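I have placed the structure first, in the form of structure tokens, so that the comments after it can refer back to it.
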């Protein structure tokens, strides 16, 4: 049934126009449709009720206090008036949203209109300033009054008061300082107030017994302590990036106003709220000496020490308190990139709190890249509540099919996933319907002190939006597919246009598109577009919120230093870009005091400590740097920086003591990948391959699907490290685990390709290379696929693929090595190759340099061959026809003459190439002188050893050393009889982790040619062994023309395996290296080829 429905939907969808990505610039608008919708919802909701006094959120002058301070002061004032008078005060959150959340300045006209709409007589407006930008602030109040408590009463002139020099500090935030001045503030208003009630000792009465979260929000029963805890629970369940979660933390502090400080959990709840509102110094002060496991877990969280916090958290018995702490720690793990085991933690939380499963699952799934099913769960919940989205039912079936396919690791076609955006939009559009239907039944009076029904729906809608944009972000960044992400943004435009998150997604995708080669000519415009979207975000959410801080990055990258950033107090831990303040033309100092203060505010940000430490070290203040580490030795345990400092004493050491110390550290925390990888790498470098493999395979988490892509990447990278040491068998188990994840990531396809290749299954290797090439568009995978097609005798496919994948697309190059394989396998004559090259030249494809075409003849008939005199003439003729490059002519002819043994003729041409490449190496600051070894070889063969040494030394002195410098030196040493040193230099070149990027001759073949030169000169067998090693390991790494014949040439015993000779003949039937093989053996191998496929 499922398959039938799936086929039907595919037929319907493909019969419609398919969405095609168009690379136009994203639109830029200074207005926000979402913002206006948001305000209208809350204005209408408030108009359903009547109040006596409206308090608008305290406004900010340029040098002011942060949004949290101003919001909390507003809430504390509203709460105090509500509790101690008979005046009806509307919920602060509703008022803020009706007038414009996050605005620093609120229109008095809008505030008055809102006051009139709710029938209130009074409007209180507050302004906060720090005139001298110090730790004191001033409050300016204006009270507006109307003639009568009617909706049409005229406004009188406002009464105004100023309270000056309220002092605050890091351990006494501005809102708390304001709290202490509350009586003085209230006294200025002249409002009759009752005496303050004594705060009561409270205890927690709430127990989880299967109540749904919606029921908890509706009833909000219990003591003020219970209500504070429920507000914090909901705050914890919000996505990390959500601005609304801060409002719930603020409201929990208002709920705690009625609780005596000696009450159970008071210190923990107040400390946790302040920590989540960016007030770590005050949070630590409130918490004091931790006593209970809950307090200990929170204390170590504030220290950024993951494992100590986790140990205490594991002992918290109450499932709700344990969940809040678990979520808190998950944020720390995420910042540390240490979320291993998250599936187990998520499952445990779901089992403890089954009634909250889908929301708990979502909150503890930050490590997952995507989860489309969350939108389906939300849709079901809304249906149950009578809020029926208007879905495209085909698309809901598509979504369900997607969930089923994902279970079997089948990748969903793009068009299916894209259309689910309509359903996400449908969910979002029920929000206005919800408020229209239910707001009149919701009290807006007590919202600050307790949960209400609308809090639950706000949470659900926040999850819907966050999950939608999480897909966009991870498609862009984790998968590296910004074009596909752009399509997804389009599908979300209907519901989210103008929302800050929408502009952030557009900025991200524009910026990443600008990095793609196909958008190179639009890169500047795309980056400017990202900047424009960042400007919109700054306009909608000014200050230092999550999104505005992210927007800052684009200003910084685009060189915009004076962009209207506000330096409010208290600071945020991640104030990175210290630019000009908009109101005072001065640079904000970032000396030791500023660094230490930022560090005091940092909960998760180990990089604050890391950057400060590095700045001290760079300034030569080593002693102070070490003192800084000592002062913070209990902080950020488990972070990358902590692991780095642990490993620092063992840098560059591979002795037994260092290995033992690292193993001991790993035993204390087996999950620290940085330490495990470091240990494995040291063991590989020591040649202890089996031990290194065991260290890797013992990694916790490799046995399940957690962090599938991340683990695939880690395993594949280390497998390649084993392969770089010729330990192909050691790499196979790592590739197998990587491939088993089926992530469809680059390293997944690569691992599968390598497994197939190493087992001689070239058809499957081709399949996985093709999947990788199609998915990620990388040229390397396309080249390997093309080589496999030739190898598998699929010539028609190969030549067609060459045209469609390389010649026709813009910005694609001519893949020299695979085309050479095609020429060789097809036994193309010189005349056929020349005709083919001239045909390509006549097409005038500006994206394929003529030097590339010219070099194909050189590669096919000269490199690694015994070229004829006619080949040399042809090279010179082609040079005149094609590039006309004097360097190319000299390099090609010089190398060709070297291969023919005509070193006297070759010397002048190779000298020209050598001198040219010395200059190029200097300009590139990299050694790219591939002519040097051949020039040195010619000088040595013509008895000019002193000149050879001088040329070698000059090249190293002026252009640096590297691969080619080492092989040239090997020639010098070998010709002097220093064969041990020569072989050592060849091995050094062979093992270089970074092979030269500029390699007109494959590096393996180059090593063979240099070793052959030394073997012929000395007759020593050690060079033959080296040649065989290179030939065999090259064949284990890639498809190549020359390696099979080299192995046959230097190891006649390999003839016992008839397929080896057959493959050598198949790859290069005319290879001069096969001349020593008897006609009988050649004919026998050819018969084998007629009956068998060389590669399959």
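Okay, residues lined up against (1) closer than 24 Å to residue 780 by Cβ; (2) crowded, with 19+ Cβ neighbours inside 10 Å; (3) modelled with pLDDT of 95 or more:
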{"position": "967", "(1), (2), (3)": "no, yes, yes"}
{"position": "971", "(1), (2), (3)": "no, yes, yes"}
{"position": "978", "(1), (2), (3)": "no, no, yes"}
{"position": "981", "(1), (2), (3)": "no, no, yes"}
{"position": "986", "(1), (2), (3)": "no, yes, yes"}
{"position": "997", "(1), (2), (3)": "yes, no, no"}
{"position": "1000", "(1), (2), (3)": "yes, no, no"}
{"position": "1006", "(1), (2), (3)": "yes, yes, yes"}
Practice item. Looking only at the stretch 343-363, decide whether some residue is in a loop (DSSP other than H, G, I, E, B) and over 30 Å from residue 176 (Cβ atoms). Key: yes
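Let's see how each residue does on (1) buried (at least 18 other Cβ atoms within 10 Å of the Cβ); (2) in the same structural domain as residue 210 (by TED's automatic domain parsing); (3) without any contact (Cβ under 8 Å) to a residue 40 or more places away in the chain:
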{"residue": "336", "(1), (2), (3)": "yes, yes, no"}
{"residue": "339", "(1), (2), (3)": "yes, yes, no"}
{"residue": "344", "(1), (2), (3)": "no, yes, yes"}
{"residue": "348", "(1), (2), (3)": "no, yes, yes"}
{"residue": "355", "(1), (2), (3)": "no, yes, no"}
{"residue": "363", "(1), (2), (3)": "yes, yes, no"}
{"residue": "380", "(1), (2), (3)": "no, no, yes"}
{"residue": "383", "(1), (2), (3)": "no, no, yes"}
Point to revise | the stretch 631-659 - residue that is without any contact (Cβ under 8 Å) to a residue 12 or more places away in the chain and closer than 30 Å to residue 277 by Cβ and, of those, farthest from the chain's Cα centre (by Cα) | key: 631
Check your understanding: Is there a residue in the stretch 197-204 that is at positive phi and either in contact with a strand residue (DSSP E or B) (Cβ under 8 Å, 6 or more places away or on another chain) or at pLDDT 90 or above (or both)?
Key -> no
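Is it fair to say residue 55 is under 23 Å from residue 542 (Cα atoms) and buried (at least 19 other Cβ atoms within 10 Å of the Cβ)?
Details: under 23 Å from residue 542 (Cα atoms): yes; buried (at least 19 other Cβ atoms within 10 Å of the Cβ): yes.
Yes; evaluated as a whole, the condition is true for this residue.
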Exercise for review: State whether the residues of the stretch 896-906 include one that is surrounded by 22 or more Cβ atoms within 10 Å (Cβ to Cβ) and closer than 30 Å to residue 518 by Cβ.
Suggested key: no
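Select the helices (runs of 4 or more DSSP H) contained entirely in the stretch 772-839, then report the ones holding at least 3 residues which are within 25 Å of residue 751 (Cα to Cα) and in contact (Cβ under 8 Å) with a residue 12 or more places away in the chain. First the steps, then the outcome.
Details: elements: 779-791, 795-801, 816-825.
It comes to 779-791, 816-825.
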Exercise for review: Would you be able to say whether some residue in the stretch 1075-1090 is under 15 Å from residue 865 (Cα atoms) and buried (at least 20 other Cβ atoms within 10 Å of the Cβ)?
Suggested key: no
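Is it the case that residue 741 is at pLDDT 95 or above, closer than 20 Å to residue 707 by Cβ and surrounded by 22 or more Cβ atoms within 10 Å (Cβ to Cβ)?
On the way: at pLDDT 95 or above: no; closer than 20 Å to residue 707 by Cβ: yes; surrounded by 22 or more Cβ atoms within 10 Å (Cβ to Cβ): yes.
For residue 741, the condition - at pLDDT 95 or above, closer than 20 Å to residue 707 by Cβ and surrounded by 22 or more Cβ atoms within 10 Å (Cβ to Cβ) - is not met.
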Study note, to complete from the structure: The one condition residue 331 fails out of (1) within 16 Å of residue 236 (Cα to Cα); (2) more than 26 Å from the chain's Cα centre (by Cα); (3) modelled with pLDDT under 95 is (2)
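Going by the structure shown, is residue 742 over 22 Å from residue 817 (Cβ atoms), under 23 Å from the mean Cα position of the chain (by Cα), touching a residue at least 24 places away in the same chain (Cβ under 8 Å) and in a helix (DSSP H, G or I)? Even if it seems obvious, please write down each step before you answer.
Values: over 22 Å from residue 817 (Cβ atoms): yes; under 23 Å from the mean Cα position of the chain (by Cα): yes; touching a residue at least 24 places away in the same chain (Cβ under 8 Å): yes; in a helix (DSSP H, G or I): no.
So residue 742 does not fit the description; no.
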Study note, to complete from the structure: How many residues of the stretch 159-185 are more than 30 Å from residue 600 (Cβ to Cβ) and either at pLDDT 90 or above or assigned by TED's automatic domain parsing to the domain that holds residue 271 (or both)? The answer is 4
Exercise for review: Scan 566, 613 and give me the residue that is modelled with pLDDT under 90 and either more than 22 Å from residue 276 (Cα to Cα) or assigned to a loop (DSSP other than H, G, I, E, B) (or both).
Suggested key: 566
Review point. Under the condition of being in contact with a helix residue (DSSP H, G or I) (Cβ under 6 Å, 6 or more places away or on another chain) and within 17 Å of residue 1044 (Cβ to Cβ), which residue from the stretch 1008-1031 is surrounded by the fewest Cβ atoms within 10 Å (Cβ to Cβ)?
Key: 1024
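Given the criterion surrounded by 14 or more Cβ atoms within 10 Å (Cβ to Cβ), over 46 Å from the mean Cα position of the chain (by Cα) and not in a strand (DSSP E or B), identify the matching residue among 157, 145, 116, 175.
On the way: 157 fails: surrounded by 14 or more Cβ atoms within 10 Å (Cβ to Cβ); 145 fails: not in a strand (DSSP E or B); 175 fails: over 46 Å from the mean Cα position of the chain (by Cα).
Answer to the selection: 116.
For the condition more than 30 Å from residue 136 (Cβ to Cβ) and at pLDDT 85 or above, what is the one hit in 17, 90?
On the way: 17 fails: at pLDDT 85 or above.
After applying the criteria, what remains is 90.
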**Study point:** Verdict on residue 182 being surrounded by 14 or more Cβ atoms within 10 Å (Cβ to Cβ), under 14 Å from residue 79 (Cβ atoms) and touching a helix residue (DSSP H, G or I) at 6+ places or on another chain (Cβ under 9 Å)
**Key:** yes
**Study point:** helices (runs of 4 or more DSSP H) wholly inside the stretch 959-1068 that include at least 3 residues being without any contact (Cβ under 8 Å) to a residue 24 or more places away in the chain
**Key:** 979-991, 1003-1018, 1021-1037
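Answer yes or no as to whether residue 412 is over 22 Å from residue 248 (Cα atoms), modelled with pLDDT under 70 and not assigned by TED's automatic domain parsing to the domain that holds residue 229. Reasoning before the result, please.
On the way: over 22 Å from residue 248 (Cα atoms): yes; modelled with pLDDT under 70: yes; not assigned by TED's automatic domain parsing to the domain that holds residue 229: yes.
Spelling it out, residue 412 is indeed over 22 Å from residue 248 (Cα atoms), modelled with pLDDT under 70 and not assigned by TED's automatic domain parsing to the domain that holds residue 229.
I'd like the residue in the stretch 693-719 that is assigned to a helix (DSSP H, G or I) and surrounded by fewer than 18 Cβ atoms within 10 Å (Cβ to Cβ) and, out of all such residues, is nearest to the chain's Cα centre (by Cα). Give the derivation first.
We begin by selecting, within the stretch 693-719, every residue assigned to a helix (DSSP H, G or I); these are 693-697, 708-719.
If we keep only those that are surrounded by fewer than 18 Cβ atoms within 10 Å (Cβ to Cβ) too, we end up with 694, 697, 717.
Numbers: 694: 29, 697: 25, 717: 17 Å.
The extreme case among them is 717.
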Point to revise | Neighbours by Cβ (under 6 Å, 6+ apart or cross-chain): first from the stretch 660-673, surrounded by 14 or more Cβ atoms within 10 Å (Cβ to Cβ); second part of a loop (DSSP other than H, G, I, E, B) | key: 670/700; 671/340; 671/700
Practice item. Pull up the stretch 907-927, narrow it to residues that are in contact with a helix residue (DSSP H, G or I) (Cβ under 7 Å, 6 or more places away or on another chain) and farther than 18 Å from residue 886 by Cα, then point me to the one that is surrounded by the fewest Cβ atoms within 10 Å (Cβ to Cβ). Key: 922
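The values are calculated or read from the model by the stated rules, or taken from the named source; none is laboratory data. Because the structure is a prediction, the values reported are computed rather than measured. Here the Cβ is made from the backbone with ideal geometry for all residues, glycine too, and neighbour counts use every protein chain on show.
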